[in-house]
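Note sheet for the following structure.
The values are calculated or read from the model by the stated rules, or taken from the named source; none is laboratory data. Please read all numbers here as calculations on a predicted model, not as lab measurements. Cβ: placed from backbone, ideal geometry, glycine included. Neighbour counts: every protein chain shown.
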Amino acid sequence: MRIAIGGMFHESNSFSTEITTLDDFRRWSLTEGGEVVEHWRDSDSELAGMIDVAEAEGVELVPTCMAWAAPSGPIDDDAVAWIIGRIVAGLRGAGRVDGVLLSLHGASVGRSEPDPEARLLRAVREVIGPALPVIATTDFHANVSAEMVRALTSLVGYDTYPHVDFRPRGREAAEMMVRTVRGEIAPTVAQVRPPLMCVPQVQATADGPMHDIMEEAHAIEATRGVLNVTVSGGFAYNDIPEPGVSVVVTSDRDADLARSMADRLAKRIWSRRGDLVGEWPGPVEAVRLAMGAERKPVILVDIGDNVGGGTPGDGTGLLAELLRQGAGRAVAILHDPIAVERCIEAGLGTELALEVGGRSDPVYGPPCPVIGRVGMITDGSFDPGNILHKGFGASMGRTVRLDVSDNQLVLTERRTVPWSLGQLRSAGIEPAERGIIVVKAAIAYQLAYESIAGTTIECGTPGWTAPELGGLPYGRLRHPRWPLDRDVAWP
Ligand SMILES: [Zn+2]
């Protein structure tokens, strides 16, 4: 059995002004041919899971191209075309294959292409035809379009948020592929999408509404004849016609079963829509709560500048408010290469006045004036621990710790997702010993920070991952759609 593998993985925030280029993919991970297997084999990823199964089952993998970049703004048109072109070229050069396995995110957006994954799948079908199986994995935040589903034999999405099942889902997809090629099963998919968006804060699968929904999904998955149930929470920060929740059920040969199960679960999710909204305090109230909290450290979550949702990581709203209210023992990480340069020029131990953050987009507040002492200069490398995406190199670029009285700023040259306590420790900060730590995130940070968090306060800061969707400048979105529109008749 010969199976082609590859993929394109990027969560694109439509509103971010930072366009994602091919160089961004190169900086993270852009591999072709044999490199794909070599690079991903031992990682905590879907591809690693696919490779596990291939090796166990004696499947010959034909690697094409795998492009992975951390969340940021829309992907440059040339980069979309290049990546799709390389996957297609890999397929054309592969000779006869029995199927195609792809690792996708599901919330990619190009500058002018609203659905790059559907375009990729169309291109794959053009090469291999309509008959061969194509199975993709997707992120829990995928906006799964009908066009994607049309081109796919099956779709296997994560079951968890924070995501901890990359590799098991890769295995599941590859096992389904092997059984399909052997003729043991014939996957049939059905999708139902309620007109419903929800923000990451209400999508955690450990408890709350999504926990209940995933339990139901697993119960349906245990039904005879059902091969997979994929609930996608969606990514509300894609400005596309239909961002949001999707249910895809894969059955063995039974289209009616897949359809009825998808329908049943989608209606259950729709019935919970009142639980899939929330309200979060603004910076003034959140900082007040944080300063008054008894159990330290307080993790003060900067929802609107969620780096893992594609924002710049230089929002100053919470920092400015912490300083204004006279907080002590606070820590914040800010992406600001200009401030890094200034501090390094000034030199270790030097006290200087400068502005930090607020440079990328006015929505994240103006630069914040501070007076601080350069406490540490590092190359930004840190031990990522065993949290997310094991196997990735971890570096914040050149990094400076600036001590502002007894508060500490970690200024980084590169945007870095807060998925590891190693970031702060590499700057000489023991997070458990601090008073308040600003974390620019939604939910994924919990894997790293829950072990030390005394109190968690989520703050509805402004930004392109703000929890108040009504404030976002949607242009392509199709109405009515909950919760932007409260009067929505469905089904
Ligand atoms: Zn995700």
With a cut-off of at least 2 residues that are more than 22 Å from Ala89 (Cβ to Cβ) and of a type in the set (A, V, I, L, M), name the helices (runs of 4 or more DSSP H) lying wholly within the range 1-74.
46-57
Check Thr412, Thr461, Thr416 and return the single one that is in the same structural domain as Met291 (by TED's automatic domain parsing), under 18 Å from the mean Cα position of the chain (by Cα) and either at pLDDT below 95 or surrounded by 19 or more Cβ atoms within 10 Å (Cβ to Cβ) (or both).
Thr416
The one condition in (1) in contact (Cβ under 8 Å) with a residue 24 or more places away in the chain; (2) away from the ligand (no atom under 16 Å from the Cβ); (3) aliphatic (A, V, I, L, M); (4) under 25 Å from Val53 (Cβ atoms) that Val80 fails to fulfil
(4)
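Hand me the list of strands (runs of 3 or more DSSP E) wholly inside the range 115-198 holding 3 or more residues that are β-branched (Val, Ile, Thr), assigned by TED's automatic domain parsing to the domain that holds Gly233 and away from the ligand (no atom under 16 Å from the Cβ).
Numbers: elements: 134-138, 154-157, 187-192.
By residue number, 187-192.
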Check off (1) under 30 Å from His479 (Cα atoms); (2) away from the ligand (no atom under 16 Å from the Cβ) for Val202 and give me the number that stays unchecked.
(2)
For the range 269-286, what are the residues that are free of Cβ contacts under 8 Å to residues at least 60 places away in the same chain and either surrounded by 17 or more Cβ atoms within 10 Å (Cβ to Cβ) or among the hydrophobic types (A, V, I, L, M, F, W, C) (or both)?
Val284
In the range 325-354, the residues that are of a type outside the set (A, V, I, L, M, F, W, C) and in a helix (DSSP H, G or I):
Pro337, Glu341, Arg342, Glu345
Could you grab me the full set of residues in the range 362-377 that are farther than 29 Å from Phe15 by Cα and either over 30 Å from the mean Cα position of the chain (by Cα) or among the charged types (D, E, K, R) (or both)?
Ile371, Gly372, Arg373, Val374, Gly375, Met376
Looking across the range 96-114 at residues that are of a type in the set (Val, Ile, Thr) and either over 20 Å from Ala190 (Cα atoms) or assigned to a loop (DSSP other than H, G, I, E, B) (or both), the single one that is nearest to the ligand (Cβ to nearest atom) is Val109
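Hydrophobic (A, V, I, L, M, F, W, C), within 26 Å of Thr17 (Cα to Cα) and assigned to a strand (DSSP E or B): which single residue out of Leu411, Leu402 fits that description?
On the way: Leu402 fails: within 26 Å of Thr17 (Cα to Cα).
Criteria check complete, one pass: Leu411.
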Sort out which residues of the range 230-251 are farther than 24 Å from Glu468 by Cβ and in contact with a Pro (Cβ under 7 Å, 6 or more places away or on another chain), and write them in order of number.
Thr250
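Does the range 131-161 hold any residues that are crowded, with 24+ Cβ neighbours inside 10 Å and of a type outside the set (Val, Ile, Thr), and which are they?
Step one: list which residues in the range 131-161 are crowded, with 24+ Cβ neighbours inside 10 Å, which gives 135-144, 148, 152, 154-158.
Hits for the range 131-161 are Ala136, Asp139, Phe140, His141, Ala142, Asn143, Met148, Leu152, Ser154, Leu155, Gly157, Tyr158.
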Being modelled with pLDDT under 95 and more than 21 Å from the chain's Cα centre (by Cα) narrows it down to one residue among Pro491, Pro480; which is it?
Pro491
Within the range 355-376, identify whether any single residue is assigned to a helix (DSSP H, G or I), assigned by TED's automatic domain parsing to the domain that holds Gly317 and surrounded by 18 or more Cβ atoms within 10 Å (Cβ to Cβ), and answer yes or no.
yes
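If you check Ala48 against the conditions, is it over 27 Å from Glu126 (Cβ atoms), surrounded by 17 or more Cβ atoms within 10 Å (Cβ to Cβ) and modelled with pLDDT under 95?
It is false that Ala48 is over 27 Å from Glu126 (Cβ atoms), surrounded by 17 or more Cβ atoms within 10 Å (Cβ to Cβ) and modelled with pLDDT under 95.
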Scanning the range 89-114 for residues that are in contact with a Ser or Thr (Cβ under 8 Å, 6 or more places away or on another chain) and free of Cβ contacts under 8 Å to residues at least 40 places away in the same chain gives Ala89
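Considering only residues of the range 444-472 that are among the aromatic types (Phe, Trp, Tyr) and in a loop (DSSP other than H, G, I, E, B), which is nearest to the ligand (Cβ to nearest atom)? Walk me through how you get there before you give the answer.
Pass one, the range 444-472, residues among the aromatic types (Phe, Trp, Tyr): 445, 449, 464.
Next, from what is left, pick out any that are in a loop (DSSP other than H, G, I, E, B): 445, 464.
Values: Tyr445: 12, Trp464: 16 Å.
Looking at residues that are among the aromatic types (Phe, Trp, Tyr) and in a loop (DSSP other than H, G, I, E, B), I get Tyr445.
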Quick one: what pairs do we get from the range 392-406, first residue among the hydrophobic types (A, V, I, L, M, F, W, C), second surrounded by fewer than 16 Cβ atoms within 10 Å (Cβ to Cβ) and at pLDDT 95 or above, C-beta under 8 Å, 6+ apart or different chains?
Val404/Ile371
